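Take this structure first; my questions come after.
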Amino acid sequence: MKTKTALTYDRPNGYEKLPPAEAKKLESYCADYLGFLGAAKTEREAHDQAVALLRGAGFRDLDELVAAGAKLSPGDKVYRGCGGKALLAAILGRRPLEQGLRIVGAHTDSPRLDVKQNPLYESGELALLDTHYYGGIKKYQWVAVPLALHGVFVKPDGRKIAVRVGEEPGDPVFCITDLLPHLGREQMRKTMSEAIEGENLDVLVGSVPSRDKKAKERIKLRVLELLRQRYGITEEDFLSAELEFVPAGAPREAGFDRSLVIGYGQDDRVCAYAALRALLELPGTPERASCVLLCDKEEIGSHGATGMESNFLENSVGEMLALCGGAYSELSLKRALSASGMLSADVNAAFDPLFAGVSEKKNAALLNHGVCMSKYTGVGGKSGASDAGAEFVAEIRRIFSEHGVAWQAAELGKVDQGGGGTIALLLARYGMNVVDCGTPLLSMHAPWEVAGKFDVYMTYKGYSAFLRD
Ligand SMILES: [Zn+2]
């Protein structure tokens, strides 16, 4: 019997037709996702968590294979890190690399407060750490909430000392103080971007004086004494440290119906984890090489060695080509990249009834209506967009439909409202097909972001379908 194609198109809520078996898989996936999100609160932690999962699944370090002069063949699994932050993982396909890869690329950095290089000071008998915020934040959201400190000190001899304070039960946390309303009359008249100044995002870290009565700044000294005891570091060691204050606490379920996930850094670790899981669970040897790219520095423009503007992808694909038997050439690398197809895996804004005015509802992502595909991003007349071709969008549409992936097409806000960008254009310059595809979020870039579980699960199903097709 011929099935009748509907003349009209509408997007149903994902929970309307969710079979019980699928609902069970959704819950189990989301439980794993919560575990990853809580363990990977910085790009370094995301890298390390991902490497542990990859190694457990038999992926081998590409740099070690290069050093050993190994050969790669179809089905081989490799990964390559960059600076302990960015990461590429791939499963080689039956076809040669020159015929292109299937890539899902996400980012693992999130907005936060970075500790400055000369951060520690004492004032008013309190010790504070000075910060410089990273990425697009609303500064007022970061005061008067518990913060955790994550990162590393690196000693001149190369020793790395990891720091993670504020996540375990019984750990102390930190905070930035805010003005009491009673004295806040002047502050409350300021605009939201001015009421809390970036320079005043200083974190309270101590209030007890050192026993050394002769010393100056004894509260600051006490903090240094504790840091030396615990980490063996001195004040000078802050010069070569990367310390990040992030919201303290684990992600968790939200809502009476537990249909939501609230957690820090879901932009973009919700897509990063989905991409990683899709690759880890890929059965057998794919037709084309399947690749996952987890990059850093997206929130500040993708520059730097670990950002998507770097040559990390080209260099890594070049290394793979060289190990695949045939002679490496610049032309074969160019062919491999331009013949590739990519999902730029980044989050989108979900329609929020409290701020309905910024969205055009027909083209806004609705929570729990599936993974969101954006043909283009950009600002004010698509400026800066990498507008995906209708042919590629149609191909993804076919793949998603064949694999039962619930998805929705959406753009970020009303036409003249603002906008944003992703790493899509940085990959499109190789000539490959790229389209943005990721999870819709509420409160994006806030200390606690909200996702719908159905969308979280469909993001993973979508990436799996793309890599398997
Ligand atoms: Zn993002």
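Say R0 is 56 Å: what FRET efficiency, to the nearest 0.05, do ALA394 and SER240 get from their beta-carbon distance?
Efficiency, from the Cβ-Cβ distance: 0.65.
Looking at the square roots a ≥ b ≥ c of the eigenvalues of the Cα gyration tensor of region 211-255, which shape do they give, rounded for a/c under 1.5, prolate if a/b is larger than b/c, or oblate?
prolate
I would also like to ask the following. What nm value, rounded to one decimal, do you get for the distance between ALA162 and GLU125 when each label is placed 7 Å out toward the C-beta?
Inter-label distance under the simple model: 3.9 nm.
For LYS24, list the lysines whose Cα falls under 16 Å from its own Cα; do not include residues on the same chain fewer than 8 positions away.
Reachable lysines: LYS453, LYS461.
Which listed residue (LEU120, TYR133, PRO209) has the Cα farthest towards the positive end of the charge dipole for region 112-247, taking +1 on Lys and Arg C-beta and -1 on Asp and Glu C-beta about the Cα centre?
PRO209
First measure r as the distance between the Cβ atoms of VAL173 and LYS213, then evaluate 1/(1 + (r/R0)^6) with R0 = 35 Å and state the FRET efficiency to the nearest 0.05.
0.75
Hey, another quick one. Classify the chain from the C-alpha gyration tensor, please: rounded if a/c falls under 1.5, else prolate or oblate depending on whether a/b exceeds b/c.
oblate
For region 71-220, build the charge dipole from Cβ charges (+1 Lys, Arg; -1 Asp, Glu) around the Cα centre, then report which of ALA162, LEU147, ILE196 sits farthest towards its positive end.
So the residue furthest toward the plus end is ALA162.
Given region 296-392, what whole percent of its Cα pairs are spread farther than 20 Å?
58 percent
Over region 112-247, what lengths in whole Å, largest first, do the semi-axes of the equivalent ellipsoid take, defined as the square roots of 5 times the eigenvalues of the alpha-carbon gyration tensor?
In descending order the semi-axes read 27, 19, 13 Å.
TYR231 to LEU204: FRET efficiency via 1/(1 + (r/R0)^6), r the Cβ-Cβ distance, R0 22 Å, to the nearest 0.05?
0.70
May I ask you to compute the full-extension gain from TYR133 to ASN13, defined as 0.36 nm times their residue separation minus their alpha-carbon distance, rounded to one decimal in nm?
39.5 nm
State, to one decimal in nm, how far the label point of ALA39 lies from the label point of LYS24, with both points 7 Å from Cα in the Cβ direction.
2.5 nm
Next up: Considering the options SER374, TYR9, GLY357, tell which one lies farthest towards the positive end of the dipole of the chain, charges being +1 on Lys and Arg and -1 on Asp and Glu at the Cβ, about the Cα centre.
Positive-end residue among those listed: TYR9.
Sticking with the crude label model, points 7 Å out along Cα→Cβ, report the distance from GLU309 to MET188 in nm, one decimal please.
The two pseudo-label positions are separated by 4.2 nm.
Project the alpha carbons of region 46-163 onto their principal axes and report the range along each, largest first, in whole Å.
For region 46-163, the Cα extents along the three principal axes come out at 66, 36, 23 Å.
For the modelled label position 7 Å from the Cα of VAL154 along Cα-to-Cβ, which residues of region 76-105 have backbone nitrogen atoms closer than 13 Å?
82-86
Here's a follow-up. Enumerate by residue number the GluC sites (Glu not before Pro) in region 104-210 meeting two conditions: DSSP loop (anything except H, G, I, E, B), and at most 14 other Cβ atoms within 10 Å of the site's Cβ.
GLU125, GLU197
OK, next. Give, rounded to the nearest 20 debye, the magnitude of the charge dipole that the chain has about its Cα centre when Lys and Arg contribute +1 at Cβ and Asp and Glu contribute -1 at Cβ.
Its charge dipole is roughly 820 debye.
I would also like to ask the following. Which value, in debye to the nearest 20, gives the size of the charge dipole of region 360-469 about its Cα centre, when Lys and Arg are +1 and Asp and Glu are -1 at the Cβ?
100 debye
The numbers here are math on the coordinates, done by the rules we state, and not lab data. Only a predicted model underlies this, so the values are computations on that prediction, with no experimental measurement involved. Note that each Cβ is placed from the backbone with ideal geometry, even for glycine, and that neighbours are counted across all protein chains shown.
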